[in-house]
Each structure stands twice: as structure tokens, then as C-alpha cells.
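The values are calculated or read from the model by the stated rules, or taken from the named source; none is laboratory data. These numbers were taken from a predicted model, which means no experiment stands behind them. So basically every Cβ, Gly included, is an ideal-geometry build from the backbone, and we count neighbours across all protein chains shown.
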Amino acid sequence: MKKYFLIIIFLFLFCLTPFKSSAANLDVVINEVAWMGTTNSANDEWFELYNNTQNPISLDGWQLISQDGTPKITLSGIIPANGFYLLERTNDDTVPGILADKIYTGALGNSGEYLKLYDNLNNIVDEVNCSEKWFAGDNKTKQTMERMNPLVNGSEAANWQTSPVGNSISNGASQNPGGTPKTKNSTPEILSQPTPTPTPIPTPTSGPTASPKPTPSSSPPPISTPTPTPKSTLTPQPSPSPSLTPKTEIKKSYPTGIIINEILASPEGPDEQEEWIEVFNQNNFEVNLSEWQIADAVGKTFTYTFPVGTKISAQGFLLLPRPETKITLNNDGDELDLLQPDTKIVDSVAFEKAPQNQSYSRKEKQWYWSFALTPGDINIITEKQKTESKEQGLSETSQPKNGEEKTKEFNKESLASLGEQLNQSRFTSKTIFIALTVAVLSAIIILFLKSKLTKNNSDL
């Protein structure tokens, strides 16, 4: 009997073990994307998620990932029932006055992204396929991309709108180019249509009115005198003016293959004089970098614009010292973006605390801290340094997308302990029902076995 009781206890405890349940499709959706940044800075990008259900949902272990690998964000915390979850890039100053639920790093490309939202079991809950181009939003006015109906597929372009400007929205709130972070998306006000004025129908008369007949006259008809025909006069015609054909606007294209290659953020000497950034041209031809930009995204940010006439030779390096760029590289971590003149981000790199007198160097598709400073030359990384950098969990560069090199950041969140999982798990009615069912079945099986054993003993 002791064995049977142990079986019952085991089955009961097994049923009470918390099970991870996957979220249904569109339970949580990507609701708004500020891929263009804000009027304060193009680096101030943010996302908004929305909970379509009437229950709070734990986002622990969920991920929001771009198909090209950047950004790659591991979520945590709770999204309220029918509530919002705000993700701000780099720091909590991205959206002033609104507390972020998650801070992340990694830039969005201005040409589009393929975003996917995964639950803790790696099931896709929502996706927005803007790989060709963003469905909505304006990079010049910094109007965001808003989802119109959170229950409709996120990859339907018609389900997205550019956040309006002005105060003509249904809820009466003033709507600015910054979108609607952590609030209901704006809905344009439907103006009432003017009532058409009916056109009066003409009333027909009772019948045709007879015209009076002319009265004959006894006077003889007048004799007509021929009038001389006037000579024709030639009127000079104005000469036709040439029609002006509007010029077709040609969109300027820029070469790919320009990357951030090496950074010295914590030199041995004074930072103000000895910090530098190195850019590399992967192409076999010279590239004109006039009006390209490089900007940092953490702390006191600054954007440096390459002077007109700046060129980088084929397979060549361009060194940018801090006295020239005025960009301060924070020793405790920073992020750099390289932008084309059309503000499209073509490369991005983020680093954490910088060791003194070590450069952050690119080697193929990865980044390492290196003791060998190589400004204007090929980077040198030893095997020991590769191992140390990997152990530190520093960022690595993603695969190029449309010629763009972007940076992935490793998430620093540690795995939750088993005790935390048990505390966070909640028993559902379904779990209790399963436990009771198994317990009843176990009791029936034991009674059956007991009766069978009793019968066998009596037969003996």
C-alpha cells in the first residue's frame, strides 16, 4: 500500500508543477514604432506593445527581434490587461515624461525592418514585415507609425497610419508629431458631411403657348442695297512659347561598404585629446563622404558631419580624432551610428565599459577589445583577446542587410532561478482540474489492483 500512496503523491505533485503556456496569436502586438526617432534626436527611437486580452501577461523571456539581428531585445515584466508596454532606445530620456518599461540598444534602419515578437516558448505572437519599406511614419516631421486595429495582421500595410499632426482626433487630445507613446493610438476625426440642398423640379405648363401671327403690311418690301465686302486684314499670331518640362527628381544613391572599424574610448592620456574613431572603406573604389554623419547615442550626444570634399580611398581608413568631431565617447559605455546624407543608418556599434588604452576593434563580423592600437591600419587581435572579449559578452556585428552593417547587442539579463519561476507561476483552474482528475484515476486504479490482489489471495 505504501507504494501506491507514493505513486499518488508523485502524480499529484507532477500535476501541480507549473507549466509554461504559449500566448495566442495577437495576444500582444507591436502597436506603434518610432523608427525615425524624435524631433530631439534621430537616435530617440521607441516601440510600443499592446495587450489585446483582458488579463495581465508576463513578458519574462519574450523577445522582440528584427530579422537582421538588430535590435534583439529580451523583454521582462508585466504588460497590463488592455494596456501598453514602452521600449525606449539607450535611455529613459527618449520619451520625456513617460517611464519606459524596457531600455534597449540597437538602431532601426530607416529603409525598413522585419520585426517579430516571440513568447517565452519561442512562438511568434506578432510580426510586422516592413522589410521593403516602413508602412507609415515620416522621417522629416518625426511622425510615428501607428497600428490602426490591433486585432488585424501586423503585416497588412493598410492597417498602419502615420500619426497625424494637430488636434483633430476623436478623443480631443492634442496630437503632436511624437505619436502616442503608452496611450491609445490617434484616430482622425470624421467630419460630418454637409446635407445636400435639393434642386427644385421645374413645374411643367399646361400646354404650349401659341405665338401671335404676324400682321400683313400693305407697304411694298424695301429694296436691298448691296453692302461692299470689307477687305480681310491679317492679324499677327503670337509665337508659341516653349512648354517647360518639369525636371524628374533623381534620388541620389550612396555606396555601401562604409563601416565603423575601430574605437578608442579610454586612452592612456587625456580623453579630450586622444579619443578617436576609425572608419573603413570595404570597396575597391574611392568614396566621397561629403555630408555623411557619425553620431553617438548615449549621454551628451553630438552629431559630426563630414566636411564637403571628404574622401576615403579604396580599402582605406579615415581617422576621426575627438578634437575634430567633438564626439565624447563615454568610458562606461556608448553607441555610435554612421549615417548617409539622407540620414539612413548604415552601420552601428555599441560597447560597454571600455578598458583603459584598449581599442574596440572589428574583426570580420565580430568586435573585440585589443591592446594593439592600429589607427589607420589593419586591426590586430590575438587569440587571448578574442577569448576575453567573448567572455565579457560584448556586442557582435550582425549579417549585412541591403549592404548595411549593423550591431547586435548581447542581452545581459541572467536566467531566472527556479525559485523565481515558481513564485511567478500561478495555478490556473485548468491545472487544478488536471491534478484532481489524475488523483481520482489513481485512486480507482489502486482500488482495482487491491481488489484483484484480494481475489488472488482468496483463490490461493
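Considering the stretch 75-88 alone, what residues qualify as being more than 15 Å from K182 (Cβ to Cβ) and surrounded by 19 or more Cβ atoms within 10 Å (Cβ to Cβ)?
Of everything in the stretch 75-88, just one residue is more than 15 Å from K182 (Cβ to Cβ) and surrounded by 19 or more Cβ atoms within 10 Å (Cβ to Cβ), namely L75.
Can you name every residue in the stretch 344-381 that is buried (at least 20 other Cβ atoms within 10 Å of the Cβ) and of a type in the set (A, V, I, L, M)?
Across the stretch 344-381, the qualifying residues are I345, V346, V349, A350, A354, I381.
When only residues in the stretch 142-161 that are part of a loop (DSSP other than H, G, I, E, B) and among the aliphatic types (A, V, I, L, M) count, which is surrounded by the fewest Cβ atoms within 10 Å (Cβ to Cβ)?
Initial filter on the stretch 142-161 (part of a loop (DSSP other than H, G, I, E, B)): 142, 144, 148-156.
Remaining after also requiring among the aliphatic types (A, V, I, L, M): 148, 151-152.
Values: M148: 14, L151: 9, V152: 14.
By that ranking, first place goes to L151.
Rundown of residues vs (1) farther than 28 Å from D68 by Cα; (2) free of Cβ contacts under 8 Å to residues at least 60 places away in the same chain; (3) of a type in the set (S, T, N, Q), yes/no style:
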site	(1), (2), (3)
I258	no, no, no
E262	no, no, no
E272	yes, yes, no
N284	no, yes, yes
V287	no, yes, no
T305	no, yes, yes
T328	yes, yes, yes
E335	no, no, no
K353	no, yes, no
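For the condition of a type in the set (F, W, Y), farther than 12 Å from F47 by Cβ, within 16 Å of the chain's Cα centre (by Cα) and not assigned by TED's automatic domain parsing to the domain that holds D334, what is the one hit in Y104, Y118, Y85? Break it down into steps so the answer makes sense when it comes.
Numbers: Y104 fails: farther than 12 Å from F47 by Cβ; Y85 fails: farther than 12 Å from F47 by Cβ.
Only one candidate passes the filter, namely Y118.
Can you tell me which residue is modelled with the lowest pLDDT among those in the stretch 424-445 that are assigned to a helix (DSSP H, G or I) and surrounded by fewer than 11 Cβ atoms within 10 Å (Cβ to Cβ)?
Within the stretch 424-445, the match that is modelled with the lowest pLDDT is S429.
Restricting to the stretch 97-135, name every residue that is part of a loop (DSSP other than H, G, I, E, B), surrounded by fewer than 22 Cβ atoms within 10 Å (Cβ to Cβ) and of a type in the set (S, T, Y).
S111, S131 - these are the residues of the stretch 97-135 that are part of a loop (DSSP other than H, G, I, E, B), surrounded by fewer than 22 Cβ atoms within 10 Å (Cβ to Cβ) and of a type in the set (S, T, Y).
Has the stretch 57-72 got at least one residue that is at pLDDT 95 or above, more than 27 Å from E335 (Cα to Cα), touching a Pro at 6+ places or on another chain (Cβ under 6 Å) and buried (at least 19 other Cβ atoms within 10 Å of the Cβ)?
no
If we keep just the residues of the stretch 277-318 that are loosely packed, with under 14 Cβ neighbours inside 10 Å and aliphatic (A, V, I, L, M), which is nearest to T90 (Cα to Cα)?
The residue in question is V308.
Just one of the numbered conditions (1) modelled with pLDDT of 95 or more; (2) in contact with a Lys or Arg (Cβ under 9 Å, 6 or more places away or on another chain) is not true of I258; which one?
(2)
May I ask you to list the residues in the stretch 96-123 that are closer than 12 Å to L59 by Cα, in contact (Cβ under 8 Å) with a residue 40 or more places away in the chain and acidic (D, E)?
If the condition is that a residue be closer than 12 Å to L59 by Cα, in contact (Cβ under 8 Å) with a residue 40 or more places away in the chain and acidic (D, E), then D119 is the only one that fits.
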